[in-house]
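One structure is given below, encoded as structure tokens.
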Amino acid sequence: MKPRDRLRIAMQKSGRLTEPALDLLNRCGLTFRQSRDKLFCFGEGEPVDLLLVRDDDIPGLIAQGVCDLGIVGRNVLNEFRGVNGDADAALTEWRPLGFGRCRLSIAVPQEMDYSKPGDLNGLRIATSYPGLVNDWLRAEGVNAAVITLAGSVEIAPKLGTADAICDLVQSGGTLVANQLRETDVLLQSEAVLAGPTALPTDERGDMIELLLKRLDGVIQVRESRLLLLQTSRTSLDAVTRLLPGGPQPTLLPVAGQPDQLMLQALCAGEVSWRQLEEIKKAGAREMFVLPVEKMLA
Ligand code: ATP
Ligand code: ZN
């Protein structure tokens with residue numbers, strides 16, 4: 001392979017991962033010139049180009065060295081790693097990216113008697129993930145036939161071509177619409193940044209390290225929330241104890257109310273309604289949860 005001095009990232013050309021992946025790269029300061037119906041997009045500011053392909057091709061392109069990194073579902077990456085054995089075990093999940101969340105699950109017809117994986121013995125399971133399903137069957141000690149389908153897996157039981165399926169599930173709506181019931185989760189998936197375990201030793205390696213650092217910053221800010229509330233000095237301890245993790249909160253006086261304090265805390269993740277209600281019960285009021293756009297410590 002001819003040495004390259006520009007980094008090349010593969011991502012899905014058009015599908016569920018396309019917009020969020022592009023948005024993430026933009027937030028990392030990467031912008032691209034070509035229109036998106038082309039296969040190749042030239043990176044403007046940084047020496048990083050994009051290759052737009054089918055998601056299934058991404059692990060192979062990285063393994064062959066055609067691309068240095070890829071944004072792809074963990075389901076696709078792990079299926080590739082399993083099926084291609086040791087030679088391609090050198091692919092690593094560099095970062096989970098927090099979008100494209102779904103799970104790979106077994107589902108059976110609603111009326112089927114199913115309580116444990118052993119109930120699949122002797123049955124046919126339709127899936128687009130034969131490697132992952134076979135691994136799971138082996139681990140569970142189940143002897144079932146795996147039927148590989150490229151798509152429309154969920155209608156296989158109705159068509160009589162399979163007894164059960166293993167497919168990606170997000171809300172579960174597709175399963176319900178096809179009178180199927182989810183029974184076992186094989187894999188929790190999301191989009192990941194995939195790449196070779198051994199980074200290139202030239203400038204591309206430096207660029208990957210820079211990109212990983214930016215990515216960490218972007219992901220941290222995306223998940224951060226600023227919590228603002230008012231509390232009396234007497235409730236302060238009880239309120240502080242309930243705050244979701246993060247650095248020490250900042251306390252500010254409230255004009256004209258010497259027994260009141262304004263509290264400001266940076267939280268590492270979502271703050272749920274339930275958490276807010278608990279904090280309120282402890283004596284807080286006037287609570288706000290705000291997204292953080294940029295952060296420079
Ligand atoms: P391509 O043309 O690139 O092969 P595709 O049809 O295989 O497209 P999409 O349906 O766009 O791919 O899904 C891409 C990825 O999105 C999946 O591999 C998976 O990681 C993730 N995903 C999240 N939720 C779902 C879901 N409900 N169904 C399928 N994939 C999902
Ligand atoms: Zn695909």
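The values are calculated or read from the model by the stated rules, or taken from the named source; none is laboratory data. Note that this is a predicted model, so its numbers are computed, not measured. Here the Cβ is made from the backbone with ideal geometry for all residues, glycine too, and neighbour counts use every protein chain on show. For the accessible areas, the whole protein counts, side chains as well, though only heavy atoms, and no ligand, DNA or RNA atoms are used. Shrake-Rupley method; radii C 1.70, N 1.55, O 1.52, S 1.80 Å.
Structural remarks
- Residues of the range 132-168 classified as within 16 Å of ligand 2 (Cβ to nearest atom) and open to solvent by less than 70 Å² (accessible area, probe 1.4 Å), total: 8
- Looking at 60, 45, just one residue is without any contact (Cβ under 8 Å) to a residue 24 or more places away in the chain and touching a Ser or Thr at 6+ places or on another chain (Cβ under 8 Å), and that residue is 45.
- The single condition from (1) hydroxyl-bearing (Ser, Thr, Tyr); (2) surrounded by 13 or more Cβ atoms within 10 Å (Cβ to Cβ); (3) within 16 Å of ligand 2 (Cβ to nearest atom) that residue 14 fails is (2).
- Which listed residue, of 4, 8, is open to solvent by 20 Å² or more (accessible area, probe 1.4 Å), more than 27 Å from residue 189 (Cβ to Cβ) and either more than 16 Å from ligand 2 (Cβ to nearest atom) or at pLDDT below 95 (or both): 4
- Per the listing 179, 188, the residue uniquely over 23 Å from the mean Cα position of the chain (by Cα) and touching a residue at least 24 places away in the same chain (Cβ under 8 Å) is 179.
- Residues of the range 258-271 include at least one that is within 16 Å of residue 231 (Cα to Cα), part of a loop (DSSP other than H, G, I, E, B) and free of Cβ contacts under 8 Å to residues at least 40 places away in the same chain.
- For the range 226-257, a residue qualifies if it is surrounded by fewer than 12 Cβ atoms within 10 Å (Cβ to Cβ), within 17 Å of residue 291 (Cα to Cα) and in contact (Cβ under 8 Å) with a residue 40 or more places away in the chain, but none of them does.
- Top-ranked residue of the range 66-111 - restricted to ones that are modelled with pLDDT of 95 or more and among the basic types (Lys, Arg), ranked as most open to solvent (accessible area, probe 1.4 Å): 101
- Residue check for residue 281: open to solvent by 70 Å² or more (accessible area, probe 1.4 Å) and under 20 Å from residue 224 (Cα atoms): no
- Helices (runs of 4 or more DSSP H) wholly inside the range 1-83 that include at least 3 residues being touching a helix residue (DSSP H, G or I) at 6+ places or on another chain (Cβ under 6 Å): 74-83
- Test result for residue 223, exposed (fewer than 12 other Cβ atoms within 10 Å of the Cβ) and touching a residue at least 60 places away in the same chain (Cβ under 8 Å): no
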